[in-house]
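My questions will all concern the structure given below.
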Amino acid sequence: MRILLVEDDTQLGESLEAALRMEQYAVDWLRSGEPVRSALGATPYDLLILDLGLPVVPGMQVLRQLRADKQQ
């Protein structure tokens, strides 16, 4: 299973990534919301773990964009 982790907090991101990898998941970790759409377009992910409190482009905005893309 391939997971896209989007988390700006370094300590939390490192912990989540390490825990998921220990469970044999493939994890790509982004630290901001800007590249999420590109990453999802380039790689098939099974799961998105999205921090809603991201700076610059908040997680809720990313989620709205992704939902709008699905409707088009």
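In the chain, what is the volume of the convex hull around the alpha carbon atoms, normalised per residue and reported in Å³?
Values: hull volume 5.3 nm³, N = 72.
Dividing the Cα hull volume of the chain by its residues yields 74 Å³.
Here is a further query. Of the heavy-atom accessible surface of the chain (probe 1.4 angstrom), what whole percent is carbon and sulfur? Could you put the intermediate results ahead of the total?
Values: 2460 of 4760 Å².
Carbon plus sulfur share of accessible area: 52 percent.
Still on this model: With axes computed from alpha carbons, what is the tilt in degrees of helix 59-71 against the longest principal axis of the chain, rounded to the nearest 10 within 0 to 90?
With both axes taken from Cα atoms, the answer is about 60 degrees.
Give me the dipole magnitude in Debye, nearest 20, for the chain about the Cα centre, with unit charges on the beta carbon: positive for Lys and Arg, negative for Asp and Glu.
Values: 7 positive and 11 negative charges, 76 e Å.
So the magnitude is around 360 debye.
Under a 10 Å cutoff between Cα atoms, tell me which one of G59, G33, G41 has the largest fluctuation in the Gaussian network model of the chain.
Comparing G59, G33, G41 in the GNM, the peak value goes to G41.
Another one. What is the helix-to-structure angle for 10-22, meaning the angle in degrees between its Cα long axis and the longest Cα principal axis of the chain, kept from 0 to 90 and rounded to the nearest 10?
70 degrees
So the label point goes 7 Å from the Cα of Q24 along Cα→C-beta, right? Which residues of region 36-62 then have their backbone N under 13 Å from it?
none
Gain in length, S15 to E34, computed as 0.36 nm per residue apart minus the alpha-carbon separation, to one decimal in nm?
Contour length minus Cα-Cα distance gives 4.6 nm.
The values are calculated or read from the model by the stated rules, or taken from the named source; none is laboratory data. No experiment lies behind these values; they were computed from the predicted model shown. Heads up, the Cβs are rebuilt from the backbone with ideal geometry, glycines too, and the neighbour counts pull from every protein chain shown. Accessible surface areas use protein heavy atoms only, side chains included; no ligands, DNA or RNA. Shrake-Rupley method; radii C 1.70, N 1.55, O 1.52, S 1.80 Å.
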